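Read the structure below first, then the notes.
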Amino acid sequence: MKTIDKACFILLSLTLLFCTCVHQHIWVMDSNRTLYPYLGTNELYGYADFDGNVVIEPQYKHADFFINGKAVIQTTDGQRKLIDSDNQEIHIPIKYDEVKIHTLGNQTILELVKTYSSRLRFWEWKFLPDFSFMGSSTRNRLIDTHVLREKRSLYWLEGKRKISSKTISKPKGNSYFHIKIIDEYTIQIDDRIYISDNTTIRPIIKNLISTDKLYGGYFLQKKGNYSQIIDTNGNRITDKEFKSYHQFELEVAGHYLALKVQSMSPYHRSANLYVDDKMNAYVYPDMVKKFPKKINEYPFQDTISAIKILKSTQVFESIPDSDQFLLMRNFGKEVYALDTLGNWRDPEESMGKISVTTRSGAILWPKHSAVLTTISLPKGWEVSAYYDIDENPRWYRVKIQKDKIARYGIWDIHSESWIMPPEFYWVGYDILEGNFVAFQKEENGKWGFYDLENQQLHIPPIYDYCINSWVNIYDREKGNPFFLDIKNKKEFREKLD
């Protein structure tokens, strides 16, 4: 994935991992019951079963879903705590202000954050610009000796031990872990891969170069002054040694070109480029396909040359399952394809393998006319943008426009029909509970839910607030959001009399 701002566009494969939100799921705690966050009339949260029977009385300022039989709650005085299904606090031997639950099979890994102030880091003290020699109640210190620090730890709850931790000064960034579940026994944490057998969690690979896998499911690992390709067990796949590189040395239409691929001006140009010991270049994450050293003149139009294309290209990417690379310029509006022999190709040959989108998700390439080939539009309307729907590759969220008026609908490329007519001011990005999507009929209007499978209105627009499956109706002075089981049209709240 590549992102460039103002220029901001993102390179996405059409085969994407589903990005899910915890609020969209019901987490089973044990074989006998499932609990849901439940909002009481006192504006506090407890938990109820599916029938609405209160199991834990509303008493918390915030309540998450249970995961592996544990849930994160926030008390009325602002403290975050971990509880079990009997509403008993689970002791954690690490001080924390925030806690997040991750699961590895039936194992529970807690991400704990503690923010504190340190006077000992004197090299980070700061002079205060509003110091007053005359002194006052608010302006009487020359130096701020408090350095705000953040410590983040990963704690294995069942094994009762810390896995990893790191600390950073807040103004210099954050201490986030990159956490990716590989399978029910394997987890990646930053540059390490850990394996669990339910009795221990231990690292099996370290010094990974990136959080993303290479094409083929392999990893790039730092080894001394070079990098090597390994599998998920840490075994080396090839004897080739790779080094990071920032410049292509090319022969373009008979001319020498030294092309830097890490540049901020006049274009933000980017590529993760590696070379082997024979100076063959590879565009990460494809460490098999060689980028051509000799490139022919661009043959499809006379108004632009191969050298100009290369000099103004902002992103180089390898197209999966092909012998081609994708080059993008003019912030994704112009797309070119180049094969391993240095021949320019029609990028439409790779349609369906890769796409170019804006930061908001609107697809720049392929053009909508190449994908929505049979779309039917009301008279006078035109497609102004279209978007992938990750949960279903057949469906596209489509924005149509007439003058300054815009409307949204969802088009099915298989049935070649609207499964949600383009009559809505706004349609949500996410498909909820498999088949439903949130919508607003008019600007600043209320929210409802549409059933895509049955192509009909499911819940009329009655909600003032909607984020995923959390909604609200402002029928109280301070209305907190409550969980909605969209499929069964069931609200988990105690209604006012």
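The values are calculated or read from the model by the stated rules, or taken from the named source; none is laboratory data. Fair warning: this is a prediction, and the values are worked out from it, not measured in the lab. Every residue, glycine among them, receives a Cβ derived from its backbone with ideal geometry; neighbour counts consider all protein chains shown. To get the accessible areas, we keep the full protein, side chains included, count just its heavy atoms, and leave off ligands, DNA and RNA. Shrake-Rupley method; radii C 1.70, N 1.55, O 1.52, S 1.80 Å.
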- Item | Residue identified as open to solvent by less than 70 Å² (accessible area, probe 1.4 Å), at pLDDT 60 or above and not basic (Lys, Arg) among Ser169, Ser136 | Ser169
- Please tell me if Trp418 is aromatic (Phe, Trp, Tyr) and surrounded by fewer than 18 Cβ atoms within 10 Å (Cβ to Cβ). yes
- Query: Are there any pairs with C-beta distances below 6 angstrom linking a residue in segment 484-497 that is farther than 14 Å from Val54 by Cβ to a residue that is open to solvent by 20 Å² or more (accessible area, probe 1.4 Å) and of a type in the set (Ser, Thr, Tyr), with the two at least 6 apart or on different chains, and if so which?
  - Reply: Leu496/Thr41
- Task: Considering only residues that are at pLDDT 95 or above and not β-branched (Val, Ile, Thr), look in segment 67-76 and name the one that is surrounded by the fewest Cβ atoms within 10 Å (Cβ to Cβ).
- Result: Gln74
- What are the residues in segment 300-321 that are outside any loop (DSSP other than H, G, I, E, B), under 21 Å from Met287 (Cβ atoms) and among the charged types (D, E, K, R), if any? Glu317
- Going through segment 274-283 one residue at a time, which ones are out of contact with any Ser or Thr (no Cβ under 7 Å at 6 or more places or on another chain) and open to solvent by less than 20 Å² (accessible area, probe 1.4 Å)? Val275, Asp276, Ala281, Tyr282
- Task: State which residue pairs qualify: first residue over 16 Å from Lys308 (Cα atoms) and inside segment 330-354, second residue open to solvent by less than 60 Å² (accessible area, probe 1.4 Å) and assigned to a helix (DSSP H, G or I) in any location, beta carbons under 7 Å apart, and separation of 6 or more residues or different chains.
- Result: Glu348/Ala370; Met351/Ala370
- Query: For Ser153, are the conditions met, namely being touching a residue at least 12 places away in the same chain (Cβ under 8 Å) and in a loop (DSSP other than H, G, I, E, B)?
  - Reply: no
- Message: Looking at segment 172-218 only, could you name the residues that are in contact (Cβ under 8 Å) with a residue 24 or more places away in the chain and open to solvent by less than 40 Å² (accessible area, probe 1.4 Å)?
- Response: Ser175, Phe177, Thr186, Ile187, Ile189, Ile193, Tyr194, Ser196, Ile201, Ile205, Ser210, Leu214
- Would you say Leu11 is open to solvent by less than 20 Å² (accessible area, probe 1.4 Å) and modelled with pLDDT under 90? yes
- For segment 292-316, how many residues are in contact (Cβ under 8 Å) with a residue 40 or more places away in the chain, over 27 Å from the mean Cα position of the chain (by Cα) and open to solvent by less than 10 Å² (accessible area, probe 1.4 Å)? 5
- Message: Please determine whether any residue of segment 222-230 is under 24 Å from Phe291 (Cβ atoms) and among the basic types (Lys, Arg).
- Response: yes
- Task: Look through segment 225-235, keep the residues that are closer than 14 Å to Asp276 by Cβ and not polar (S, T, N, Q), and return whichever of them is least open to solvent (accessible area, probe 1.4 Å).
- Result: Ile229
- Task: Return a yes/no flag: does segment 385-399 have any residue that is open to solvent by 20 Å² or more (accessible area, probe 1.4 Å), touching a Phe, Trp or Tyr at 6+ places or on another chain (Cβ under 6 Å) and of a type in the set (Lys, Arg).
- Result: yes
- Message: Please pick out the residue among Trp381, Trp365 that is among the aromatic types (Phe, Trp, Tyr), more than 20 Å from the chain's Cα centre (by Cα) and surrounded by fewer than 18 Cβ atoms within 10 Å (Cβ to Cβ).
- Response: Trp381
- Message: For Glu150, only one of the following conditions fails: (1) over 30 Å from Tyr218 (Cβ atoms); (2) at pLDDT below 90; (3) open to solvent by 80 Å² or more (accessible area, probe 1.4 Å). What is its number?
- Response: (3)
- Residue tally, condition in a loop (DSSP other than H, G, I, E, B), at pLDDT 90 or above and open to solvent by 40 Å² or more (accessible area, probe 1.4 Å), over segment 322-350: 5
- Those residues that are in contact (Cβ under 8 Å) with a residue 40 or more places away in the chain, small (Gly, Ala, Ser) and touching a Gly at 6+ places or on another chain (Cβ under 8 Å), I need them from segment 33-82; list them, please. Gly40
- Message: I'd like to check which strands (runs of 3 or more DSSP E) are fully inside segment 422-497 and have at least 1 residues that are under 22 Å from Trp411 (Cβ atoms), open to solvent by 60 Å² or more (accessible area, probe 1.4 Å) and touching a strand residue (DSSP E or B) at 6+ places or on another chain (Cβ under 8 Å).
- Response: 456-463
